[in-house]
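A short reminder: the numbers here are calculations on the coordinates, not readings from a lab. The structure presented is a predicted model; accordingly, all values stated were derived computationally and were not measured. Reconstructed Cβ throughout: ideal geometry from the backbone, glycine too, with neighbour counts over all protein chains shown.
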Amino acid sequence: MSEPLRATFFALQPRKGGILFGATICYVLMFAALTAALLFPLFAVMGFDLQGVASGAPPATAATPDPMKAIWIVPLGLIAVFAFCVLTASFEAACLRWMIRGEKPGLFGLALDEDTWRVYGIYWVWWLYYVVAWIGFLILSALISRLLPENQIAWWIGAGLYTCAIALGAVALAPAAAVTVGQRRFAFGDAFQATEDHFGALLASFAVLLGLQHLLNYGLTAVWAVWALDDDALTRFAGANDWMSLSMAYNATIAAAMSEPGAAPVYWAITASSVVASFAISVLIYGVNARVTRLWMQQQGQVTAAPAAA
């Protein structure tokens, strides 16, 4: 098996007493429970009659949100983001810890321990990375539009090259959480060292996995929209000449397709399948980062050649 394929499917290697499936199921259940726990207060604040919906009463028009209650939307949103990030960090730390160190504390490795909080800290660095990247994209877009206002090809070329540069930087830093878990310390910058000798395999693995994820998330939805709207779906993109207009045309097409008879159930089935596939692909991505980290740690003499707990 080639190096990229070994990295891509590292998470699927059989391991005695494995926890990845159990951890994924627990994570999905906790994610669903947390979503319900946070959405019900949010709906109540926005004026939806949840008791009427639960009792089977005909849906009524949502009441106008009380301004005094509506101020709770922002803190509820912040609590939701924090809770989901910590839960995801715990899940990622559990998967990485098992694949790198062969350890499984807590419930299938899920625990609010130092590894979880370090991975959560890594998320903040990634957030800053993409904020800076987005600001740079806006500046570049404004410059191209200013200097070459009539040349849309130049805008697409500039945006494409900039996006590729940001993506390559993200790939080089991708194992940051895995390196942090492997080293038992916050080690975002050490990811460069881990990927130095394995960048090609890492890039190929991410291309396969993220390409598959985008195909499931957008490709199937695009096919569904063409099926629901016949040939009318493609004509809606005729005037799209930049990213903003392309996004607006895509959202308008989805909204129009949802109104077609029998289209909504198919859409939600595709969405559910995409969500399940996204969880599986996330574990595979963790495996790619874990393998690169293990290979780097082997070179440092910190782990044995055999996978932990194999």
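Applying 1/(1 + (r/R0)^6) with R0 = 45 Å to the Cβ-Cβ distance of residue 107 and residue 145 gives a FRET efficiency near 0.30.
Residue exposure proxy: 30, 258, ordered by other Cβ atoms within 10 angstrom of their Cβ from fewest to most, comes out as 258, 30.
Treating r as the C-beta distance of residue 159 and residue 277 and R0 as 25 Å, the FRET efficiency rounds to 0.35.
Taking each residue as 0.36 nm, the span from residue 207 to residue 269 lengthens on full extension beyond its C-alpha to C-alpha distance by 19.8 nm. Counting other Cβ atoms within 10 Å as a rough exposure proxy, the listed residues 127, 156 run 127, 156 from fewest neighbours to most. Note on residue 215 and residue 28: the model spin-label points, each 7 Å out from Cα along the C-beta direction, lie 2.1 nm apart.
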